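Trainee: Please see the structure below; I have some questions.
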Amino acid sequence: MRLICSLALLALIVSHASASIGESRRTAVVQAVERVQPSVVSLYVRYRERVQHLYRYRGDPFWNFFSPFYYVPRDHDRVSTGSGFVVDDEGYILTNSHVVGDPRQLQKITISLPDPDDRTFEARYVASDPNFDLAVLKVDDGNMPVAPLGTSGDILVGEWAIAIGNPFNLGPTVSIGVVSALDRDFSEPQGDYYYRDMIQTDAAINLGNSGGPLVNADGEVIGINSFIYTGGEYASGSIGIGFAIPIDTATSFLEEIRQYGQVRRSWTGILAVQDITLPLAEYLRLDSTDGVLVVRVANDSPAELAGLEKGDVIVAVNDEKIRSTDEAIGVLRGLRVGEVAALNVVRHNEHYNLDLTLEERPYRTRR
């Protein structure tokens, strides 16, 4: 009897220990992945591009060696891959603009879900915003899981960051790291895009992860994985420095699409600016070469209405110091129609604060 009781007690202890181990494996990261991953889609974008094929005239075999070469343009279909995630019950999908590419060349967009049935759908292109490297697609006839969206306003440096996507077309993949830094700005364009206020993470992000979500430990999307720093012009793999667009920026873009059906192109009326060189700084009696010189302002434009004049030097926009034309373009492109750009300008050695309210770009700009 005592032996039976001992065996029963041992079995109870083993059972409890196994249950405890099983529970310990279900970490916050595991639960976060389970919450978001079903809504993460793999994108297959078929597009047509024009390529130059090398062609050599094949006539008389004797003269083939002397035949000239020609480059002949041909249309060629290609398929690129990337990631995205479903954001609502209407079937809207957020991704990167560079994943979709030029909408004029699009042939077909197919998405696949990571569910047991391997469901695939054809998605249609809705709109993109090249200023922010964002695009939205839509599936009209699919019942798909929706990703829980968080906010990028309360992200903590050092908290868990989970990247989910389809790197190298391997299929649904998860990598984990931390939020390394916030508000990373790039004064020069990365490719065709100006990136500002980016989330930096050391979670592995590779080719194909673009457009996929960056997720916190609560299982909420806080960013859209967009590009990596590779340490060299010809390197392509992750070295632990990746960047994601804040989800608040993406949801603002999505609301613009829902309300207006497209991205309204913002307009300041500032037609031309130039960098401040050392001789120019001396001529204008400026303390440094920071800022940009306003060369031309459109008539009856937001800039003119705000009081901006040719010859003014913009040294800050919304309290961000401006050091070059690339920085000025990047900051102003990051503002949407209706938002206010608080300009700090130098005019005749005096500082002025001007409020410039961005308007929708007119069909024809008056000068």
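Trainee: Could you pull out every residue, at least 5 positions away or on a different chain, whose amide H is within less than 5 Å of the one on GLY223? Hs are placed 1.01 Å off N in the peptide plane, and Pro or chain starts have none.
Mentor: Hits under the 5 Å cutoff: LEU214, ILE247.
Trainee: Ignoring ligands and nucleic acids, what accessible area does ASP77 show with a 1.4 Å probe (Å², nearest 10)?
Mentor: Its accessible surface works out to 60 Å², give or take rounding.
Trainee: What lysines could a cross-link reach from LYS138, if we take a straight Cα to Cα line under 27 Å and drop same-chain neighbours fewer than 8 places away?
Mentor: LYS108
Trainee: Next question. What list of ³J(HN,Hα) couplings, whole Hz, do you get for the stretch 320-331 from phi and the Karplus terms 6.51, -1.76, 1.60, once you set θ to phi - 60° and write x for glycine and proline?
Mentor: Rounded to whole hertz, the list is 9, 5, 10, 10, 7, 5, 4, 5, 4, 4, x, 5.
Trainee: Take the Cα gyration tensor of the stretch 105-235, multiply each eigenvalue by 5, square-root it, and list the three semi-axes largest first, rounded to whole angstrom.
Mentor: 25, 19, 15
Trainee: Okay, moving on. With every protein chain left in place and a probe of 1.4 Å, what is the accessible surface of ARG74, to the nearest 10 Å²?
Mentor: Around 120 Å² of this residue is reachable by solvent.
Trainee: Let me ask another. Whenever you get a sec, line up HIS351, HIS98 from highest to lowest accessible area (probe 1.4 Å, protein heavy atoms).
Mentor: Result of the area sort, largest leading: HIS351, HIS98.
Trainee: Ok, one more. Once you wrap a convex hull around the alpha carbon atoms of the stretch 229-367, what is its projected area averaged over all directions, in nm²?
Mentor: On the way: hull surface 45.1 nm².
Projected over every direction and averaged, the Cα hull of the stretch 229-367 covers 11.3 nm².
Trainee: Something else about it: Scan around ASN209 for amide H atoms under 5 Å from its own, H built in the peptide plane at 1.01 Å from N, and keep only partners 5 or more places away or cross-chain.
Mentor: Answer set, sorted by chain and number: ASN166, PHE168.
Trainee: Something else about it: Let me know the Kirkwood hydrodynamic radius for the stretch 131-205, please, with Cα pairs as the basis and the value in Å to one decimal. Could the numbers behind the result be given before it?
Mentor: Working: mean 1/r = 0.0670 Å⁻¹.
Taking the inverse mean of 1/r over all distinct Cα pairs, the stretch 131-205 comes out at 14.9 Å.
Trainee: Would you kindly derive the ³J(HN,Hα) couplings of the stretch 140-156 from the backbone phi angles with the Karplus curve 6.51 cos²θ - 1.76 cosθ + 1.60 (θ = phi - 60°), listing them in order in whole Hz, with x for Gly and Pro?
Mentor: Each residue's phi maps through the Karplus curve to give 8, 10, x, 9, 10, x, 10, 6, x, 8, x, 9, 9, x, 10, 5, 10 Hz.
Trainee: Shifting gears a bit: Near the amide H of THR357, under 5 Å away, which other amide H atoms are found, from residues 5 or more places off or on another chain, if H is placed in the peptide plane?
Mentor: So THR357 has HN proximity to ALA341.
The values are calculated or read from the model by the stated rules, or taken from the named source; none is laboratory data. Given the structure is predicted, the values throughout are model-derived calculations rather than measurements. These area figures cover heavy atoms from the full protein model, side chains too; ligands, DNA and RNA do not enter into them. Shrake-Rupley method; radii C 1.70, N 1.55, O 1.52, S 1.80 Å.
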